[in-house]
Structure formats: C-alpha cells, structure tokens
Amino acid sequence: MIAANTLAGATTREQILRVARELIQTRSYLGFSFQDVADQVGIRKASLYHHFPTKEALGIEVLREATQAFKDWTAAKPRAPGAALESYFRMYRNGLHAGAGVCPAGALAPGWDCIDEDLRRAVRDLRNTQILWLGGVLGALMPAGEVGASAAYVFAACQGALLSARMTGQVEDFDEAIEQLNLSLAR
C-alpha cells in the first residue's frame, strides 16, 4: 500500500497512476481491480472513470509514464558507457525495488494473452526504448555485430533478476544475477 505522504500534493490523476503502478509492480496487472485503486486513493470507484475509461487505459498510461521516465532518466546526465550500464543496473535495483517489485512492463507478461493489443504495444514500447538505449551504450563497449543481441540479453537478464528477487524477497538475488551478467559481458 502506498504511504499517504507519497500521495500528498498530487492531483487525483497522479495519485491514481502512482497507486496503479505500485499495484502492477507488486500484484501484476491481473492482480488488481479499479476498486483496489479507488480504495487506496480514497475515492469512489466511479470517480476513476472520470480519469480513465477502462483498466486498459489506466495500464497504458502507467506504461507510457514509465517509458517517458526512462527517456528522462537517460537524458538527465551524460555518462561514459560503462558508467551508464552500471547506472542502468542501479536504476533497476533501486528504482524498481528489487526484491519487492518488478518492472511494470514485465508484470504484464504473465497475462499476455489476457490483455488487449494497445496494452501489449505499450509494453513493447517500453521494452524497445530500453533496448535501443542499451544498444547505444553497448555499442561503445563491444563489437558492432554483438550489440543487438546483447542489448536484448541485458534487458532480459535484468527482468529475470527482478523476477527472481521478487520470488525470494531478497534484493541480494538481484545483485548476484547482475554480477553474473557483468561477468558474461566481460567488460
């Protein structure tokens, strides 16, 4: 549950998005309802429809915000390629709460066949945005022929490390997986 001070000063729409993102990251997209969001925000369920006509529209907006936040994060501070990759791992570990949550895009994968195409597209957009950025970073660290596959590998390994840490509730499981990932990249 989101602490009340996290929601203080935020608009109702911002509160709804924060709560929905937390629920997606901790319960999965299929593991919460509009009623759950309304209860945590402290509004009536019917009020949610003023901001989001469907749960899918809410999920899409959560993913759009995550994609934009990633773009903002990458643009915020120029980094050398090695430092950029380390920052990416820290962003996954700390920003996505390794051991307690998963990536909002990764949280939709288990119910892939139950979500609509627009929501799937939003998941793919977040994934593709990260892989494109990873390709640019890895392009400075390895031979060009390996970049595309390596970017997809790093993304998948980070998603898997988050999932594994979530299963055990231990952030150390994320750290161990990333340590092995670093070794495999031989940077």
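Evaluated against (1) touching a residue at least 24 places away in the same chain (Cβ under 8 Å); (2) surrounded by fewer than 19 Cβ atoms within 10 Å (Cβ to Cβ); (3) under 30 Å from Gly135 (Cα atoms); (4) small (Gly, Ala, Ser), Gly59 falls short on exactly one condition, (2). Looking across the stretch 66-85, just one residue is hydroxyl-bearing (Ser, Thr, Tyr) and out of contact with any Asp or Glu (no Cβ under 7 Å at 6 or more places or on another chain), and that is Thr74. Check Gln40, Gln68 and return the single one that is in contact (Cβ under 8 Å) with a residue 24 or more places away in the chain, among the polar types (S, T, N, Q) and on the phi < 0 side of the Ramachandran plot. Only one candidate qualifies: Gln40. Residues that are of a type in the set (A, V, I, L, M, F, W, C) and under 15 Å from Leu96 (Cα atoms) within the stretch 5-44 comprise Val19, Ala20, Leu23, Ile24, listed in sequence order.
Against the condition open to solvent by 50 Å² or more (accessible area, probe 1.4 Å), over 30 Å from Val137 (Cβ atoms) and polar (S, T, N, Q), how does Thr26 come out, does it pass? Judged against the criteria, Thr26 is not a match. Being farther than 19 Å from Val102 by Cα and of a type in the set (S, T, N, Q): is that true of Thr67 here? Criteria not met by Thr67. Of all the residues in the stretch 69-98, those that are out of contact with any Phe, Trp or Tyr (no Cβ under 6 Å at 6 or more places or on another chain) and over 21 Å from Arg166 (Cβ atoms) number 16. The residues of the stretch 37-74 that are aliphatic (A, V, I, L, M), more than 14 Å from the chain's Cα centre (by Cα) and not in a loop (DSSP other than H, G, I, E, B), listed by number, are Val37, Ala38, Val41, Ala46, Leu48, Ala57, Leu58.
In the stretch 92-116, the residue that is farthest from Thr129 (Cα to Cα) out of those that are open to solvent by 80 Å² or more (accessible area, probe 1.4 Å) and without any contact (Cβ under 8 Å) to a residue 40 or more places away in the chain is Asp113.
The values are calculated or read from the model by the stated rules, or taken from the named source; none is laboratory data. Since this is a predicted model, take the numbers as computed values, not measurements. Glycine gets a Cβ as well: all are built from the backbone with ideal geometry, and neighbour counts include every protein chain shown. Surface accessibility is based on the protein's heavy atoms, side chains included, excluding ligands, DNA and RNA. Shrake-Rupley method; radii C 1.70, N 1.55, O 1.52, S 1.80 Å.
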